[in-house]
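A short write-up of the structure that comes next.
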Amino acid sequence: MRDGGEKHPRIMGIVNVTPDSFYDGGRYFDAESAKEHVRRLCADGADILDIGGESSRPGAGRISEQEEIDRVCPVIEFAARNFDTVVSVDTCKAKVAAEALSSGATIINDISALVFDDEMAPLAARTGASVVLMHMKGTPETMQDNPIYDDVVAEVAAFLEARAGYATRAGIAAEKIILDPGIGFGKTMEHNYVLLRNLGRFKRSGYPLLVGLSRKSLIGRLYDDESDRLPATIALNAIAVMAGADIIRVHDVREHRLALEAVTKLLRVPDGSRI
Ligand code: HH2
């Protein structure tokens with residue numbers, strides 16, 4: 001993720017082919033509007049598209065593998081065929097991931113960090129796909145039931161390092177592994193902010209770091225109006241990039257692309273001073 005020591009944060013644009021995602025559920029549920037969204041995000045400058053068919057918000061309906069495949073694969077194929085953008089599939093199911101890879105995805109974004117499906121690690125090892133390993137406490141159904149940690153940063157870091165160890169033992173190359181502290185997945189608002197303040201801890205393992213905080217409740221609780229979440233999303237993502245995030249996962253690609261122009265400029269000032 002580094003070029004000659006200079007930072008190039010990547011923007012991962014979210015494509016939710018779902019009826020019930022917390023922010024954009026239903027907006028891109030039919031294949032045509034999802035494809036239109038892909039076109040838009042590519043034109044806006046997405047480096048990666050993360051295409052998912054099942055919402056992970058607490059209380060969202062679970063769907064079958066076949067339904068998930070039917071939702072995501074036509075959109076993945078469209079994105080991979082028509083654009084240079086890297087395509088990621090947001091799934092915890094190995095059968096869905098296998099079909100997605102055949103359709104042109106090259107990253108498996110597994111919010112269970114290869115825990116939910118034993119076939120996921122061998123699949124990634126066999127195919128050479130990259131994997132995002134994300135921390136979640138419990139499952140999407142249980143994760144927000146009073147999450148408690150003694151030390152949230154140490155516990156999330158230990159979990160991610162253990163999962164990276166599991167992945168490499170399963171034959172996934174170290175350079176294919178990306179870590180993600182899982183903002184909003186089994187964390188209170190306070191936990192989320194503590195994790196964001198301590199992103200540097202996750203860089204110690206040497207793997208690229210992905211942060212997904214776009215429009216989530218850590219921001220939403222501060223504002224009454226849904227449309228007021230974007231400025232804070234951009235501000236916190238800029239801070240995440242300053243703290244070492246290599247990939248930011250966002251709904252609003254154009255706005256982040258514009259904001260990162262200035263942030264990247266700031267990061268590259270060659271005067272050697274620390275911020
Ligand atoms: N957040 C969501 C989904 N997938 N993957 C990673 N690696 N990191 C995240 O923080 C992350 C993720 C939830 O956001 P969204 O996709 O917008 O909502 P929903 O799960 O309701 O579809």
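The values are calculated or read from the model by the stated rules, or taken from the named source; none is laboratory data. In this text, all values refer to a predicted model and were calculated from it rather than measured experimentally. Here the Cβ is made from the backbone with ideal geometry for all residues, glycine too, and neighbour counts use every protein chain on show. Note: accessible area is taken over every heavy atom of the protein model, side chains too, but ligands, DNA and RNA are not part of it. Shrake-Rupley method; radii C 1.70, N 1.55, O 1.52, S 1.80 Å.
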* **Where G45 falls short, out of the listed (1) more than 26 Å from A94 (Cβ to Cβ); (2) touching a residue at least 40 places away in the same chain (Cβ under 8 Å); (3) open to solvent by 60 Å² or more (accessible area, probe 1.4 Å)** => (3)
* Return a yes/no flag: does the stretch 91-102 have any residue that is among the β-branched types (V, I, T) and more than 18 Å from the chain's Cα centre (by Cα). => no
* Structure fact -> Conditions (1) touching a residue at least 12 places away in the same chain (Cβ under 8 Å); (2) more than 13 Å from the ligand (Cβ to nearest atom); (3) open to solvent by less than 40 Å² (accessible area, probe 1.4 Å) -> G165 fails only (1)
* Any residue at all in the stretch 137-156 that is in contact with a Cys (Cβ under 8 Å, 6 or more places away or on another chain) and part of a helix (DSSP H, G or I)? -> no
* Cβ-Cβ under 6 Å pairs, at least 6 apart or on other chains, the stretch 54-78 side under 19 Å from S214 (Cβ atoms), far side assigned to a loop (DSSP other than H, G, I, E, B) and charged (D, E, K, R) -> S55/D20; A60/D20
* Structure fact -> Residue pairs qualifying under the 6 Å Cβ cut-off, at least six apart or on distinct chains, with the first in the stretch 199-222 being touching a residue at least 40 places away in the same chain (Cβ under 8 Å) and closer than 13 Å to A235 by Cβ and the second being open to solvent by 40 Å² or more (accessible area, probe 1.4 Å) and part of a loop (DSSP other than H, G, I, E, B), are R215/Y23
* Out of S217, S227, sole residue that is polar (S, T, N, Q), open to solvent by 20 Å² or more (accessible area, probe 1.4 Å) and either under 16 Å from the mean Cα position of the chain (by Cα) or within 11 Å of the ligand (Cβ to nearest atom) (or both) -> S217
* Asked: Out of all the residues in the stretch 68-84, which are among the charged types (D, E, K, R) and either open to solvent by 20 Å² or more (accessible area, probe 1.4 Å) or modelled with pLDDT under 95 (or both)?
  -> D70, R71, E77, R81, D84
* Go over the candidates A245, A232, A238, A174 one by one and state the one that is open to solvent by 40 Å² or more (accessible area, probe 1.4 Å) and either within 19 Å of the chain's Cα centre (by Cα) or small (G, A, S) (or both). => A174
* To do: Taking V152 as the residue in question, decide whether it is under 19 Å from L210 (Cβ atoms) and in contact (Cβ under 8 Å) with a residue 24 or more places away in the chain.
  => yes
* **Members of the stretch 20-32 that are open to solvent by 20 Å² or more (accessible area, probe 1.4 Å) and within 15 Å of the ligand (Cβ to nearest atom)** => D20, F22, Y23, G25, G26, R27, Y28, F29
* Asked: With R163, R201 as the choices, which residue is within 18 Å of the chain's Cα centre (by Cα) and not aromatic (F, W, Y)?
  -> R163
* **Failed criterion for T127 (all others in (1) farther than 30 Å from E155 by Cα; (2) open to solvent by 20 Å² or more (accessible area, probe 1.4 Å); (3) within 17 Å of the chain's Cα centre (by Cα) hold)** => (3)
* Could you pull out the residue among K203, K187 that is basic (K, R) and either crowded, with 22+ Cβ neighbours inside 10 Å or under 24 Å from G220 (Cβ atoms) (or both)? => K187
* Structure fact -> Apart from one, (1) in contact (Cβ under 8 Å) with a residue 40 or more places away in the chain; (2) assigned to a loop (DSSP other than H, G, I, E, B) all hold for V131; the odd one out is (2)
* Structure fact -> The condition from (1) assigned to a helix (DSSP H, G or I); (2) within 23 Å of I108 (Cβ to Cβ) that F29 misses is numbered (1)
